[in-house]
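The values are calculated or read from the model by the stated rules, or taken from the named source; none is laboratory data. Model, not experiment: these values are computed from the prediction. Here Cβ is always computed from backbone atoms with ideal geometry, including for glycine, and neighbour counts include all displayed protein chains. The area values use the complete protein model at the heavy-atom level, side chains included, leaving out ligands, DNA and RNA. Shrake-Rupley method; radii C 1.70, N 1.55, O 1.52, S 1.80 Å.
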Amino acid sequence: METEAQDERLAIQQEHELPPQTFDPDRYNRDGTLLLAGKPYPWQVWDGQQLGKYIALDTETLPIAGPADIPKLCMLSISDGRQHYVAKPDQLPELLQRHLPVGCHIICHNISFDFWVMDRYLALANEQAARNWLWQAVDQHRTHDTMLLSGLVTLALADDDRLPSLADAAQQYLGIQLDKDSYRLRYGETLGKRWQDIEPGFCEYAAADAVTTWLLFTRLTHQAAAICQQHQLPRQYGFLTEALQVKAAIGLQRISYNGLTVDLDRAAQLAAAVDADIWQAVETLKDIDANIWHRFKKTGQLKTGKDSGLPQLNQTTLQQHLDRIAKQHGLDIPTTETGKPSLSVNQCWTQYRHLDPVVDAYCRYTEQTKLRTFFTGLTQPRIHPRYRTMVRSGRTSCSGPNIQQLPSGSPVREAITARPGSLFFTIDYNSLELRTLATVCQNQIGFSKLRDVLVAGIDPHSYAAAMFAGCSLDDFNRLPNRKQLRQQAKVFNFGLPAGFGPAALVDHAKFAYGLELTLPDAERFVHQLTQQVYPELGLYLAEDTLGILAAKLQTDRVQVQTLWPQDWQLSMLRKVLAGTPSKADGTPYQPQAVDRIWQQLQNICRNTELLPHIQARNTAADSPLRKLLFSAVATTTGRLRGGVRFTAAKNAPFQGLAADGCKQALWQLTRAGYRVVAFIHDEFIIELNRLDDIDAAAADIPRICSEAMQPFVPGIPVPCEFALTERWHKGAEPVFDDAGRLQVWYPANQHRLGPYIRKPVSPPAADAVFTLVNCE
């Protein structure tokens, strides 16, 4: 068996041109630290030696001074798995120009940091040729990140999106420990010194990072290659889309460095309005039930949080109210491990806020307190939100503050303004996820009416609304209530692929669109949408639970269908495996019915790894039975999620595809030298100098966005919507003068703040040293 495994690894290595796995435990001390001071990993000073195809590189810098600071480069460490060197900053241009033109690859851990450190040095040193090669290596997918690759492998195996530090990854994959404290903050001491005057520990510490990064790369690429081979995943964007994630990481780090300007006076006004709304919700809940807030026993006063100053909810009392409401209205609300209703607002209660004043006030309190945390980050005139390159869906996330999660109708965005002398060019994609959904359906099913509609340039919502109304598109466009009918169609076009059933769509229509729908109407529209309007959706959204179960149990599908032929039986099986064997109203299933399910599973299971868990009736949180009905799902770009629920399995392919296309567009915008200052899933905010040729930018930026997305939705047009503003407004629209030139958009209640001067040629940017020229 071991020989077969070795043969398989060798075949993968040769097929994908990977470096061999050279990890040898004997090359480490007993405590796991690298033996770098002597054999077998001696470090040397780099003196122009030619390295191998894959080069691990790590930068050592001065301490980071702040969120906008790209720290000064102090030392480089490099390894190709056989040779291990340290180098001084002035050797970086030669290192890159010697190796990148001949097809070598650069490997880093957290490449977004190392990339901008190197780019800064090359720009200040006026080493444009080496800088061009660095950027072109990213274009050509010859830059790698073991942090991102580790996250992608973990996502593929366990649907986990953790991105480990180098020390954590070394421990997890290599079983070695790295010293991360001795020299990390002291590299300024090495600047200007001769090698013989530098304490050897600085070089040993640096070399350890490069060697470990190279070893990680070999381990992870072999593992990623095996996953791609097993699931027949494409590699045009690297293993598991690593190349796209590298581009996104670099672009997102640039956004963080750029930062956003805050109007502190406006932020204070908006924060006061949020606080007033929070206390109104507090009073509403207090009037309904005074015990819904924690109080001091002696004084009866409300207990408040030490940091927030806000009252503390009594979750037990709140859950009692929510449990009552759920039973009263027959709501299928997820429960906690103790059987109490979930308190999640976004996932559970927002759609039901109209049913009861407790739900509405609780949702309002939760939403506004979350919004309040956003204002805690708006105390400085410049903010630098931090982006996480990848979460499980393939999208990005944001913190400090989280500008990606602002409610769509909130005026908070108005506190974000362009720098003096600049304007915001905001651009986002039109119905992007419908376009990626059409692409996925075309690939999986072989046809897509939705794709045909989009290719023809027809509005998909109007088309669906016309079908619902039973009239032609021309007749629909003459209807006086066409706008309302189109909004109604949007509820189903967006909601159904997101996993909403008819009942949830009724609530979603009321909350998100202000539309009244009956349940019979929702059921009729769902049937029409999936059978007549876009029939591919009916096939795409069909759940193959029996096939998934048969594959996991390694048994015959017919046997599975014989045991559990009805949906309610599969639902019961699902709840038993989840450790919550009870009906929607909380009534436990009969013990003999539960026993029968376990016995059926034991009789039919041929999977020797699962059988002991079935025999033990193991439904613990880490039990593989919890994911028995989950399935792995991949994007057409080649990223895999290793075992997800039905809704996520249907969302992931098209949502992840849209995210990947947006990441490519972000890279292209960064590559073109545009100052992107914010990224919100499918929206970019770009800061333009008022003296720039705005019309040229207004033509160029949409072109870049559309062309970058095109390979991800081949054959489908990808229009973009954009506007020019002084502040960030969600409702901004394009405004043109009589000559067709783009003008600044202002809200109806806002006057222009100053003159808008137009000149065809822009002066050099203030931070031109970091502004990339087009390096073709």
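Most tightly packed first, judged by the mean number of other beta-carbon atoms within 10 Å of their residues, the peptides 351-357, 102-108, 430-436 read 430-436, 102-108, 351-357. Considering only LEU691, ALA465, ALA123, the residue lying farthest towards the positive end of the dipole of the chain is ALA465, judged by Cα position with unit charges set on Cβ. Since only TRP564, VAL211, PHE679 are under comparison, the one whose Cα sits farthest along the positive direction of the charge dipole of the chain, derived from C-beta charges on Lys, Arg, Asp and Glu, is TRP564.
The trypsin sites (Lys or Arg not before Pro) of the range 222-325 that meet both conditions, a loop assignment by DSSP and at most 14 other Cβ atoms within 10 Å of the site Cβ, are LYS297, LYS298, LYS303, LYS306. Straight Cα distances below 12 angstrom link LYS340 to the aspartates and glutamates ASP323, ASP585, with same-chain residues fewer than 8 positions distant left out.
Please get the size of the charge dipole for the chain, origin at its Cα centre, with Cβ charges of +1 on Lys and Arg and -1 on Asp and Glu, quoted in debye to the nearest 20.
Computed about the Cα centre, the dipole is about 1300 debye.
Excluding ligands, DNA and RNA, the accessible surface per residue across the chain is 45 Å² with a 1.4 Å probe.
Here LYS72 is the anchor, and the aspartates and glutamates within straight C-alpha reach of less than 14 Å, apart from those fewer than 8 places off in the same chain, are ASP58, GLU60, ASP90, ASP114, ASP119, GLU189. Using the Cβ of ALA267 as centre and a radius below 13 Å, the other residues enclosed give a net charge of +1, where K and R count +1 and D and E count -1. Kindly provide the GluC sites (Glu not before Pro) of the range 510-566 that DSSP labels as loop, not H, G, I, E or B, and whose Cβ sees at most 13 other Cβ atoms within 10 Å. Of the GluC sites (Glu not before Pro), the ones in loops of the range 510-566 whose Cβ has at most 13 other Cβ atoms within 10 Å are GLU516.
Note on the chain: dipole from Cβ charges, positive end direction compared against THR619, THR336, ALA56; the farthest Cα belongs to THR336.
Here the dipole of the range 453-514 is about 160 debye; that uses its Cα centre as origin and unit charges on the Cβ of Lys and Arg (positive) and Asp and Glu (negative).
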